[in-house]
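The values are calculated or read from the model by the stated rules, or taken from the named source; none is laboratory data. Bear in mind the structure is a predicted one, so any value in this text is a computation, not a measurement. Cβ placement follows ideal geometry from the backbone for every residue including glycine, while neighbour counts extend to all protein chains displayed.
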Amino acid sequence: MENLKYWVWLTQVFGEGNKRIWDALEKFKSAEKAFYAVLDGEFEGLSHAERENSKKISLSNAEDLIESCAKKGMKIIPFDSNAYPNRLKGIYNPPAILFCMGDLSFVDNEICLTVVGTRHPSAYSVRLAQKICGELAKVGVVLVSGFALGIDSMAHQAALKNHTRTIAVLGCGLDVDYPKENSAVKKIIAKRGAVISEFLPGTSPNGPNFPQRNRILSGLSLGTLVVEAGERSGALITADLALQQGRDVFCVPPADLFDPRYAGAVKLLRDGAIPVFSHLDIIYEYYENFAHKINPENNEENYSFREDSAVFERESPSPKKQTGFSFNGKEEKIPEINFDTLDERQTRIVKLLQNGAMLADEISALSGMEADEVLSVLTELEIEGIVKSQAGNRYSL
């Protein structure tokens, strides 16, 4: 696209997420005209940094970046492209360009839900996130999250395990491995959904990037689900942005009203967030407009549609064959591992976990692998359904 280089140049000069890009576009009506206006000094009020950038960054620099991204398998989607999500076009200060690995074409036609929460969830929140996100993925909801450790990772993993699309929105360049523990999953997500960022390749995960990134997280979705949030959690920023964008805000009720880990969730619920006790509390909100996108046959429970109701009616589940052992009336399946499908590192970790749940640090010490490498392999095994994460950074088969 000939116009693309002007969009890239404007982003390089003004910086990602700078509203001044839109001031220039509003005045000069196109990216190309804005380029020449800035270059010729017709756009008044440039900061010193913007003026210096306009002098030292040439159009060929933008063309070089476009070529480099193409070689790395990254698409660049400008605001005026048909591939740019309409949901993002309607938010305040939308990204001028999006860097993308994967496919974003489905976004406007699907139930997309943003899932946010702490990087260090409690055991209660781990169970809820895995359960609710898993059930949402089974019925076809696209889970959007920020690719961080903790709740974000659980949302992406739930989608991948259930062969559903997911979108990861990064607070750094697409080519930056952050967090390192999730680096192996980036390509998998791109194959089944998309990994996107407004930040130029090579951009480090600096603190201010993440609040800026959050407007994209909330903007892509119909609603945002907060699983666990403290009083100053970044998840609250995403929830506030969702409200400003006219999106729904959902919140999982806290395990303990007086526990500071849930103070942010208490505030959201007090202010009118929709409480979520089951994935159905979210599905009901969108069933009327997206009934054709919901796949009840993929759900653990069976549902049928009644003419007098715009929701699913629960039916009695069909009896399931009992396998494995039963403890306290609860079925416990014995993991069956096909070691032929595992590489050497995966095999080493699985054999250690056959002795019982272990901390990631313990696995690192016993396997002789670095901690970052262990967490990366554990993530791969989680997606394959071989390993599950527990509270406190513990893992088991």
Matching helices (runs of 4 or more DSSP H) fully within the range 19-92 where at least 3 residues are within 30 Å of ILE188 (Cα to Cα), of a type outside the set (Asp, Glu) and within 34 Å of the chain's Cα centre (by Cα) | 59-71, 86-89
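May I ask you to list the residues in the range 347-365 that are of a type outside the set (S, T, N, Q) and either touching a strand residue (DSSP E or B) at 6+ places or on another chain (Cβ under 6 Å) or at pLDDT 85 or above (or both)? Talk me through it step by step, then tell me what you get.
So in the range 347-365, the residues of a type outside the set (S, T, N, Q) come out as 348-353, 356-363, 365.
Across the range 347-365, the qualifying residues are ARG348, ILE349, VAL350, LYS351, LEU352, LEU353, GLY356, ALA357, MET358, LEU359, ILE363.
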Could you tell me which residue of the range 93-102 is surrounded by the most Cβ atoms within 10 Å (Cβ to Cβ), considering only residues that are outside any loop (DSSP other than H, G, I, E, B) and not aliphatic (A, V, I, L, M)?
-> PHE99
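Any idea which of VAL185, VAL142, VAL195 is farther than 22 Å from LEU241 by Cβ and either in contact with a Leu (Cβ under 6 Å, 6 or more places away or on another chain) or among the β-branched types (Val, Ile, Thr) (or both)? Show your work before the answer.
On the way: VAL142 fails: farther than 22 Å from LEU241 by Cβ; VAL195 fails: farther than 22 Å from LEU241 by Cβ.
Result: VAL185 is the single residue among VAL185, VAL142, VAL195 that is farther than 22 Å from LEU241 by Cβ and either in contact with a Leu (Cβ under 6 Å, 6 or more places away or on another chain) or among the β-branched types (Val, Ile, Thr) (or both).
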Looking at (1) without any contact (Cβ under 8 Å) to a residue 12 or more places away in the chain; (2) buried (at least 24 other Cβ atoms within 10 Å of the Cβ); (3) small (Gly, Ala, Ser), find the lone condition where ALA159 falls short.
-> (1)
Which of the following residues is outside the structural domain of PRO205 (by TED's automatic domain parsing) and in contact with a strand residue (DSSP E or B) (Cβ under 6 Å, 6 or more places away or on another chain): LEU88, LEU98, LEU174?
-> LEU98
Pick from the range 276-289 the residues that are under 21 Å from the mean Cα position of the chain (by Cα) and of a type outside the set (D, E, K, R): which of them is farthest from ALA158 (Cα to Cα)?
-> TYR286
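Can you confirm whether the range 196-204 contains a residue that is under 12 Å from the mean Cα position of the chain (by Cα), farther than 19 Å from ILE151 by Cα and of a type outside the set (A, V, I, L, M, F, W, C)?
Going residue by residue through the range 196-204, those that are under 12 Å from the mean Cα position of the chain (by Cα) are 196-197.
Subsequent filtering for residues that are farther than 19 Å from ILE151 by Cα retains 197.
From what is left, the residues that are of a type outside the set (A, V, I, L, M, F, W, C) are 197.
The answer is yes; a qualifying residue exists.
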